[in-house]
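The block underneath contains the structure these notes are about, expressed in structure tokens.
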Amino acid sequence: MSSVQEISKHNVDGTYERLKKDAHSGGYHLNPDIEFTKDLIQGLLVNEQRYGYWACPCRLAEGVKEEDLDIICPCDYRDPDLDEYDTCYCGLYVSQKVVDGGKEIGKIPERRPAKESRQKMHKSKASSSISTLSYPVWRCKVCGYLCARDEPPAVCPVCKAKKERFERFI
């Protein structure tokens with residue numbers, strides 16, 4: 001017997017409807033291939049059972065949330081991928097051109113740096129000096145939203161990413 005429980009069609013369908021609504025309210029679009037999109041959603045739900053978070057189903061997760069923050073859906077690479085290729089890496093999110101049928105999606109290169117590079121970047125950010133402003137400035141690593149306050153918001157008001165997806169910017 002598998003340690004990952006069976007994901008019900010009802011759960012996938014409900015998550016699809018919620019994601020579709022959230023995407024639309026944020027100016028994003030889910031892939032119009034509903035069967036493909038629901039397969040990706042099932043992968044997200046399986047990863048949530050495995051790891052406790054929505055690791056991208058098209059990437060190899062470390063299984064350690066702090067190391068996988070950049071690939072928790074919506075990942076840090078979604079917007080640059082949409083801007084350049086009209087789809088995110090896994091194909092869950094697509095541009096309006098794709099929705100309208102004016103562009104077909106294909107394979108796109110992986111934007112995520114290798115593990116060693118990610119670890120070096122994290123260490124260099126941790127050692128950089130922080131300014132002496134009245135409040136720290138927090139940046140959502142998914143959409144770039146900035147806010148100045150003692151702590152980052154629990155949920156990004158723009159893209160709905162959770163608190164741990166923010167980094168101290170200044």
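Which angle from 0 to 90°, rounded to the nearest 10, does the C-alpha axis of helix 9-25 make with the longest principal axis of the chain?
50 degrees
Using alpha-carbon pairs under 8 Å, 6+ residues apart, how would you state the relative contact order of segment 129-168 in percent?
It comes to 39 percent, rounded to a whole number.
Return the lysines within reach of LYS9: Cα separation strictly under 26 angstrom, same-chain partners fewer than 8 residues apart disregarded; answer none if there are no such residues.
Partners found: LYS20, LYS21, LYS38, LYS160, LYS162.
Taking only the alpha-carbon atoms of the chain, what semi-axes of the equivalent ellipsoid follow from 5 times the gyration tensor eigenvalues under a square root, in whole Å, largest first?
Semi-axes, largest first: 28, 19, 17 Å.
Would you please calculate the Kirkwood hydrodynamic radius of segment 75-170 over all C-alpha pairs and express it in Å, rounded to one decimal?
Averaging 1/r across every pair of different Cα atoms and inverting gives 15.3 Å.
Just to check I understand the Karplus step: with θ = phi - 60° and J = 6.51 cos²θ - 1.76 cosθ + 1.60, what whole-Hz values come out for segment 31-38, glycine and proline as x?
4, x, 7, 4, 4, 4, 4, 5
Which order do the peptides 133-141, 110-118 come out in when sorted by mean C-beta neighbours inside 10 angstrom, highest first?
133-141, 110-118
Rule-based calculations on the coordinates, nothing more; no lab input. This is a predicted model, so every value here is computed, not measured. All Cβ positions, even for glycine, are placed from backbone atoms using ideal geometry, and neighbour counts span all protein chains on display.
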